[in-house]
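Below is one structure, written out as structure tokens; comments come after it.
The values are calculated or read from the model by the stated rules, or taken from the named source; none is laboratory data. Owing to the predicted nature of the structure, the values given are computational and were not obtained by experimental measurement. Glycine gets a Cβ as well: all are built from the backbone with ideal geometry, and neighbour counts include every protein chain shown. Heavy atoms of the whole protein, side chains included, go into the accessibility calculation; ligands, DNA and RNA do not. Shrake-Rupley method; radii C 1.70, N 1.55, O 1.52, S 1.80 Å.
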Amino acid sequence: MPFICENVECRAVLARGQVRSSHEDNGWCFYCPDCNTRNELKNIGAPDGPVELVQPERSQPPHRVIATARALDDGRYAAQLRVQRALAVKGTYAVEEHWDELGVFPDAQAAVAHAKSFATDLLERRA
Ligand SMILES: [Zn+2]
């Protein structure tokens with residue numbers, strides 16, 4: 001089984017010989033040679049046996065949430081959101097959902113926070 005980069009915009013399929021796994025404080029991982037994204041690994045080897053690394057199973061393909069605030073003419077901010085979902089196997093991201101104006105807020109931070117929480121709800125609902 002090759003490894004697949006979790007970065008939605010990369011999704012490189014990597015033979016095991018192409019990646020160098022490393023053990024960091026928060027567990028095993030490898031860095032994608034194409035995009036340098038940290039990819040989590042799990043050791044499924046027996047506690048006293050050799051290390052056997054696999055990528056953790058995902059309940060859904062990885063996704064990327066891009067929450068932004070767009071300044072409006074009246075000084076307020078519209079919450080904008082893009083959600084990119086990767087293909088289950090490889091290739092660039094498959095679907096992008098886009099909301100241009102989820103609501104209007106007095107400041108940029110509130111608009112971004114709203115877009116993020118909207119994304120969280122959305123992703124939980126479909127998981
Ligand atoms: Zn990558």
inquiry  = Within 15 Å, Cβ to Cβ, of residue 45, how many net charges do the neighbouring residues add up to if Lys/Arg are +1 and Asp/Glu are -1?
reply    = 0
request  = Starting at the first residue of segment 77-82, write each ³J(HN,Hα) from the Karplus equation 6.51 cos²θ - 1.76 cosθ + 1.60 with θ = phi - 60°, in whole Hz, x for Gly and Pro.
outcome  = 10, 9, 7, 10, 8, 10
key: Simple spin-label estimate for residue 122 and residue 107 in nanometres, 7 Å along Cα-Cβ   = 2.5 nm
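Need the full-extension length gain, residue 36 to residue 14, defined as separation in residues times 0.36 nm minus the C-alpha distance. One decimal, nm.
Numbers: separation 22, 0.36 × 22 = 7.92 nm, distance 1.26 nm.
Answer, rounded to one decimal: 6.7 nm.
Name the GluC sites (Glu not before Pro) in segment 11-119 that are in a loop by DSSP and that have at most 15 other C-beta atoms within 10 Å, would you?
Details: sites: 24, 40, 52, 57, 96, 97, 101; in loops: 52, 57, 101.
Hits after loop and neighbour filter: 52, 57, 101.
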inquiry  = Suppose every Lys and Arg Cβ carries +1 and every Asp and Glu Cβ carries -1, with no other charges. What dipole size does the chain come out with about its Cα centre, to the nearest 20 debye?
reply    = 320 debye
note = Per the rule of 0.36 nm per residue minus the C-alpha distance, extending residue 76 to residue 28 adds in nm 12.9 nm
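Counting only protein heavy atoms and a 1.4 Å probe, tell me what percentage of segment 3-54's accessible area is made up of carbon and sulfur. Please report the intermediate quantities before stating the final value.
Details: 1470 of 3230 Å².
Carbon and sulfur together cover 46 percent of it.
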task = Quantify, in whole percent, the carbon and sulfur part of the accessible surface of segment 63-126 (1.4 Å probe; protein heavy atoms only).
result = 52 percent
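Give me the 1.4 Å probe accessible area per residue for the chain, excluding ligands and nucleic acids, in Å². Walk me through the numbers on the way to the answer.
Values: 8020 Å² over 127 residues.
Spelled out: the 1.4 Å probe surface of the chain, per residue, equals 63 Å².
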